[in-house]
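Undergrad: Take a look at the following structure, please.
The values are calculated or read from the model by the stated rules, or taken from the named source; none is laboratory data. This structure is a prediction, so every number in the text was calculated from the model and none was measured. Counting neighbours? That spans all protein chains shown, and the Cβs are built from the backbone with ideal geometry, glycine included. Note: areas computed on protein heavy atoms with side chains; ligands, DNA, RNA excluded. Shrake-Rupley method; radii C 1.70, N 1.55, O 1.52, S 1.80 Å.
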Amino acid sequence: MLQQLFSPSVQHTLDLVGIFVFAISGALLAVRKNFDVFGIAVLAEVTALGGGLFRDLIIGAVPPAAFTDFGYFVTPLLAALMVVFLHPHVERIQTGVNVFDAAGLGLFCVAGTTKAYEYGLSLTSSATLGLATAVGGGVLRDVLANEVPSLLRWDRDLYAVPAMVGATMVVLCIRYDALTPFTSGLAVVTAFVLRLLAMKYHWRAPRAWNRRSTVREE
Amino acid sequence: MLQQLFSPSVQHTLDLVGIFVFAISGALLAVRKNFDVFGIAVLAEVTALGGGLFRDLIIGAVPPAAFTDFGYFVTPLLAALMVVFLHPHVERIQTGVNVFDAAGLGLFCVAGTTKAYEYGLSLTSSATLGLATAVGGGVLRDVLANEVPSLLRWDRDLYAVPAMVGATMVVLCIRYDALTPFTSGLAVVTAFVLRLLAMKYHWRAPRAWNRRSTVREE
Amino acid sequence: MLQQLFSPSVQHTLDLVGIFVFAISGALLAVRKNFDVFGIAVLAEVTALGGGLFRDLIIGAVPPAAFTDFGYFVTPLLAALMVVFLHPHVERIQTGVNVFDAAGLGLFCVAGTTKAYEYGLSLTSSATLGLATAVGGGVLRDVLANEVPSLLRWDRDLYAVPAMVGATMVVLCIRYDALTPFTSGLAVVTAFVLRLLAMKYHWRAPRAWNRRSTVREE
């Protein structure tokens, strides 16, 4: 087992912050899709906890943290409640939400990678699962809302790459025995800043080479 | 472990009834979506067994009951077969189907909550998982059929709330050491009757407060 | 445990071939949906590994092979890379892809059934899980791409039936103690050839009986 990266209470607080901001993005999509208050709560829970749930099922950590930690369960409900009553304001502070969501992305890719490695996965698999932890909730959110996952669309700013970079930094640190609270924090911040830059400058990934020439639109 | 709530054969029969009526709702949606007979069978299986499968993966009960009990597997196929040949009649008896589906909702939320608690989850988590057991199959059905889950839509009669009430009654009974076949049965009946009333009087949940004022439709 | 059907290296090579061709089908759909290169990679991974991942979660083989075998992880990326640069050519060789996909279907239904039985499932459950292994990746691919799963649609050539036949042959061989590399290979080839014939002669499954008479289109 790796040494504890942060003090337990600090780590737990960071987790709850990430869960809260992810839940807001789910609840906002639910409002846009015209769901009722239960639909809003469900989408908030799924977005916030889905990535970690997938990771825990894969590594065999059952029951998953989402079902053993009361704070994990109740935080998305608070976020949903806030969105139900304040959503015009939340919409107006979309930039703020995006910043928090970027912070959640950074925190979750690092925490997911670390937990996967602690459960015995290889470095490559740990990084992959860290990425899945960070982006999985958003994919589930979009699938339940019957939309093409934002993660996969070419017309959205880079989202997976910052998480990939953060997860890769963690496994490199593990590989070279340099994983400390400082380097972990650095990985979080790097993923966070990369995502902010991707949003600011609208960085996008290329599509398939020469796509439009021969393949029909569908 | 809790005491056995019903005699095993009674419990098993109740499970099969719930599975059968859920399977009918899946098969009917498949007919409406113009799927072939295999699509009808798949959607019947997924609707009937999906909620329990999710619960069993979460609590670590692998292989899940859906894959160890032959009756669980074959019952949805019988429901699918019936729908394939009789679907105009099944459509005509939609009210009857809705009544059975409400019974399935009641049975599954109570059975799911009880099983989750037996596997060591907390009271809150057990109730949540009981709710997920009851509604999960329907969500999977709608996702596979590429529709917005009926559970999340504001223009459908209350579905989650009756299951929530049933699951909550079970955990309150556990908390105060009052879980007996009688109180369990009462929880089943309460969820069942609440769902019937929701359908009869078209009870619906509110949407986000002041929704239409500032957020665009999508 | 059953005897090893093929030498480990032969089995592993066959697995990688199946993963590769399934990944190509996922990557091609991603190109058609106009996803970016990361979306193409994700859809390739999900299509190739989703079926086996589901099987491993069900039988409790965690972490799943998809996360423990580096070759399983990297093969879909190579397929995605190939599609990104060569997709007009890949489109043109669609027939070739279909043939390989049929081979993957045969290999996966047999390997999935065998692995499920080794983990203690009954014969019926093993065959069902073998079928799910073979078709699960394609269903996940279509769900993520926000399309009705090709598996369920009546206007597609038979896909599940060949895999069902292959899986059934395996469990019959197990039942009568006749599972050898030869009979396993025969099951693979039977599923493969049936799928080829279904594509050549456009075999389709019937829909619900008398469907159009009384049920409205949706």
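Undergrad: For the protein assembly as shown, report the accessible area per residue in Å² (1.4 Å probe, heavy atoms, rounded to an integer).
TA: On a per-residue basis, 42 Å².
Undergrad: When only alpha-carbon atoms count, how far does chain A stretch along each of its three principal axes, as whole angstroms with the largest first?
TA: Extents along the principal axes, in whole Å: 49, 47, 31.
Undergrad: Considering protein heavy atoms only and a 1.4 Å probe radius, which residues within the stretch A:150-168 exhibit an accessible-area decrease of no less than 50 Å² in the full assembly relative to the chain by itself?
TA: Listed by number, the residues meeting the 50 Å² cut-off are A:152.
Undergrad: How many angstrom lie between the Cα centre of the stretch C:40-73 and the Cα centre of the stretch A:48-100?
TA: The stretch C:40-73 and the stretch A:48-100 have Cα centres separated by 26 Å.
Undergrad: Mind listing the phi-derived Karplus ³J(HN,Hα) values for the stretch A:132-139, rounded to whole Hz, using 6.51, -1.76 and 1.60 with θ = phi - 60°, and x for any glycine or proline?
TA: Listing the rounded values in order: 5, 4, 6, 9, x, x, x, 5 Hz.
Undergrad: Percent relative contact order of the stretch C:8-203, based on C-alpha pairs within less than 8 angstrom and at least six residues apart?
TA: Averaging sequence separation for qualifying contacts and normalising by length gives 24 percent for the stretch C:8-203.
Undergrad: Size of the dipole of the stretch C:8-203 about the Cα centre, Lys and Arg at +1 and Asp and Glu at -1 on the beta carbon, nothing else charged, in debye to 20?
TA: 320 debye
Undergrad: Quick one: among A:80, A:145, A:187, which has the greatest mean-square fluctuation in a GNM of chain A with alpha-carbon springs under 10 angstrom?
TA: Maximum fluctuation in the GNM of chain A, among the listed residues, is at A:145.
Undergrad: Per residue of A:59-67, how many C-beta atoms from partner chains lie within 10 Å of its own C-beta, taken as a mean?
TA: 6
Undergrad: Check which residues have an amide H placed less than 5 Å from residue A:154's amide H, if you skip close sequence neighbours.
TA: Under 5 Å from the amide H of residue A:154: C:36.
Undergrad: Using only DSSP helix segments of four residues or longer, with each worth -39500 (n - 2.57), what per-residue ellipticity at 222 nm results for the protein assembly as shown after dividing by its residue count and rounding to 500?
TA: -25000 deg cm²/dmol
Undergrad: Right, something else. Give a residue-ordered list of calculated ³J(HN,Hα) values for the stretch C:197-208 (Karplus: 6.51 cos²θ - 1.76 cosθ + 1.60, θ = phi - 60°; whole Hz; x for Gly, Pro).
TA: With the stated coefficients, the stretch C:197-208 comes to 5, 4, 6, 5, 9, 6, 5, 10, 8, x, 9, 4 Hz.
Undergrad: While we're looking at this one, here's another question. I'd like the carbon and sulfur percentage of the solvent accessible area for the stretch C:8-203, probe radius 1.4 Å, heavy atoms only, ligands and nucleic acids excluded.
TA: It is 70 percent, rounded to a whole number.
Undergrad: Per-residue Cβ counts within 10 Å, from other chains only, averaged over C:123-130: what number is that?
TA: Across the residues of C:123-130, the mean count of other-chain Cβ atoms within 10 Å is 3.
Undergrad: Within chain C, what's the longest run with no chymotrypsin sites (Phe, Trp or Tyr not before Pro) in a DSSP loop and at most 16 other beta-carbon atoms within 10 Å? Give the range, please.
TA: C:7-175
Undergrad: In Å² (nearest 100), what accessible area is buried between B and A, both sides summed, heavy protein atoms only, 1.4 Å probe?
TA: Rounded to the nearest hundred, the buried surface is 2800 Å².
Undergrad: Which FRET efficiency value, to the nearest 0.05, is calculated for residue A:193 and residue B:155 with the Förster distance at 56 angstrom and r the Cβ-Cβ distance?
TA: Between residue A:193 and residue B:155 the formula returns 0.85.
Undergrad: From other protein chains only, count the Cβ atoms within 10 Å of every residue's Cβ in C:71-77, then give the mean.
TA: 1
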